[in-house]
Amino acid sequence: MTHTLPLPEFTHERVEVITGPRSGLFIAVALHSSVLGSALGGARLWTYPHWSDALGDALRLSAAMTLKNAAAGLDAGGGKSVIGLPPGTVLDADRRRAAFLDLGDAVELMGGLYRTAEDVGSTTDDMLTVSERTQHVVGLPSTVGGSGEPAGPTSLGVYASLRAVLERVAGSSDARGRRIVISGLGQVGGRLASRLAEDGAELTVTDINPARREFAASIGATWVEPGTEHLVTGDVFVPAGIGGVLTDGVIDALDVKAVCGPANNPLADHSGAGRLAERGILYAPDFVVNAGGVIYLDLEAKQIGTSDEIMARVAGIGDTVGRILDDAAERGVTPLQAAEELAAARLRAGAELGVR
């Protein structure tokens with residue numbers, strides 16, 4: 001049996017794995033931690049070589065959500081759900097609806113300890129389908145009174161993080177004239193690229209979807225073929241697609257000053273953080289950088305703060321990234337270690353207080 005990435009250490013509270021009775025698809029709902037409250041993490045719809053790869057993704061992503069929500073200061077635990085598609089599978093509308101009804105049933109099995117939302121491959125409309133089977137879902141379409149698509153807040157948090165990184169590697173947070181390489185032009189990467197283009201950044205971009213080449217041209221970005229973007233000389237490399245892209249080989253080939261992007265789990269191996277540091281490449285931990293969406297969804301669902309106050313908190317991610325980078329530099333540790341320690345301290349405090 002082979003895996004795209006090795007299965008992570010199993011530290012989860014509970015994992016439900018089912019074959020969807022309507023769709024026939026593999027579905028995993030992974031609850032990593034509810035120490036800080038009901039877990040929150042999106043539902044990923046993706047193609048995997050084997051069902052075990054889908055399970056591994058759910059385990060890794062849910063553990064990352066625990067760190068993300070803790071570091072963001074949310075009263076929310078970490079969880080994730082995955083609908084795994086066998087290679088070559090194309091869902092028609094009926095089977096897609098069946099898959100998300102099945103997901104709703106799987107989420108309901110958690111008894112409220114896990115709330116799902118849209119993620120890579122899923123949409124707010126899919127979450128509306130999920131809501132037919134469980135109330136433990138956030139990010140419904142704005143047309144039905146939900147908080148809508150969280151990509152905007154996620155992108156804002158990444159932008160604020162990128163400015164904090166530029167401050168430390170270039171002496172100024174201004175992106176004008178800075179060479180930014182973006183790998184992935186989806187909902188978040190595309191928004192980020194547009195904003196950086198307005199700032200006057202020199203953008204090199206790519207995406208596995210060749211149709212995004214037209215978008216790249218529209219914002220004046222240079223397009224490179226997927227799989228070659230890590231060879232481009234730049235100031236910051238922005239992984240904005242799927243995880244696991246920063247393998248040892250890719251890290252060794254990078255010609256940038258920093259890595260800062262929204263992709264979940266971009267490091268193929270945890271040791272990659274040390275490898276980046278050895279090469280003098282500053283790394284902004286993904287689970288801090290990309291927390292804007294989950295902050296927005298959690299606070300909106302709990303009706304904590306006005307829209308302006310919530311977005312101000314999202315923008316504050318840049319300050320958090322800055323503090324983590326400075327702390328790491330002062331103590332001689334990697335930014336990843338500093339960020340993990342920040343999250344661990346909050347989890348310990350939550351456990352001691354019995355927050356649930």
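Things worth noting here:
- Built amide H within the under 5 Å cut-off of LEU40, gap 5+: GLY77, GLY78, GLY79, ARG115
- Summary value for the range 94-165: 26 percent relative contact order, contacts being C-alpha pairs under 8 angstrom separated by 6+ residues.
- Nearest-10 value in Å² for the accessible area of PHE215, using the 1.4 Å probe: 40
- Using θ = phi - 60° and Karplus 6.51 cos²θ - 1.76 cosθ + 1.60, couplings along the range 213-220 (whole Hz; Gly, Pro as x): 4, 5, 4, 4, 5, 5, 9, x
- Calculated from backbone phi, Karplus (6.51, -1.76, 1.60) coupling profile of the range 278-284 in Hz, x at Gly/Pro: 4, 8, x, 9, 6, 10, 8
- If the segment from ASP319 to ALA345 were pulled out straight at 0.36 nm per residue, it would be longer than the present Cα-Cα gap by 7.5 nm.
- Fully extending the segment from LEU7 to ILE304 would add 103.3 nm, taking 0.36 nm per residue of separation and subtracting the current Cα-Cα distance.
- Mean residue ellipticity (222 nm) of the chain, computed from DSSP H runs ≥ 4 via -39,500 (n - 2.57), nearest 500: -13500 deg cm²/dmol
- Calculated FRET efficiency for the pair ARG176/THR233, C-beta based, R₀ 22 Å, to 0.05: 0.75
- Whole-angstrom gap from the range 128-153 to the range 174-216, using each part's C-alpha centre: 27
- Mean separation of Cα contacts under 8 Å (6+ apart) over length of the chain, as relative contact order %: 17
- Heavy-atom SASA rank of GLU13, GLU198, GLU340 (probe 1.4 Å, accessible area, largest first): GLU198, GLU13, GLU340
- Amide H partners (placed H, <5 Å) of GLU202, local residues excluded: GLY177, ARG178, ARG179, ILE180
- Working note: Debye formula, equal point scatterers on the alpha-carbon atoms of the range 195-317, no solvent; log10 I(q)/I(0) at q = 0.16 Å⁻¹ is -0.89.
- The mean sequence separation of alpha-carbon pairs under 8 Å and at least six residues apart, normalised by the residue count of the range 202-356, gives a relative contact order of 15 percent.
- The 1.4 Å probe gives accessible areas that order THR222, THR320, THR247, THR143, largest first, as THR143, THR222, THR247, THR320.
- Per-pair calculated FRET efficiency, R0 = 41 Å: VAL17 and ASP326 via Cβ, rounded to 0.05: 0.50
- Springs between Cα atoms under 10 Å define the GNM used for the chain, and in it the highest mean-square fluctuation of HIS50, HIS136, HIS270 occurs at HIS270.
- A 1.4 Å probe, protein heavy atoms only, puts the accessible area of ASP199 near 40 Å².
- Amide H contacts of TRP46: ILE83, LEU85, each under 5 Å away and 5 or more positions distant or on a separate chain (H built 1.01 Å from N in the peptide plane; Pro and chain starts excluded).
- The phi torsions of the range 84-100, fed into the Karplus equation with coefficients 6.51, -1.76 and 1.60 and a -60° offset, translate into couplings of x, 9, x, x, x, 6, 10, 7, 7, 4, 5, 6, 5, 4, 4, 4, 7 Hz, rounded to whole numbers, with Gly and Pro shown as x.
- These residues, PHE26, PHE287, go from largest to smallest accessible area, 1.4 Å probe, as PHE26, PHE287.
The values are calculated or read from the model by the stated rules, or taken from the named source; none is laboratory data. Nothing here was measured: the structure is a model prediction, and the numbers come from that model. All Cβ positions, glycine included, derive from the backbone under ideal geometry; neighbour counts span all protein chains shown. Each accessible area value is taken on the protein alone, full model and side chains, heavy atoms only, with ligands, DNA and RNA left out. Shrake-Rupley method; radii C 1.70, N 1.55, O 1.52, S 1.80 Å.
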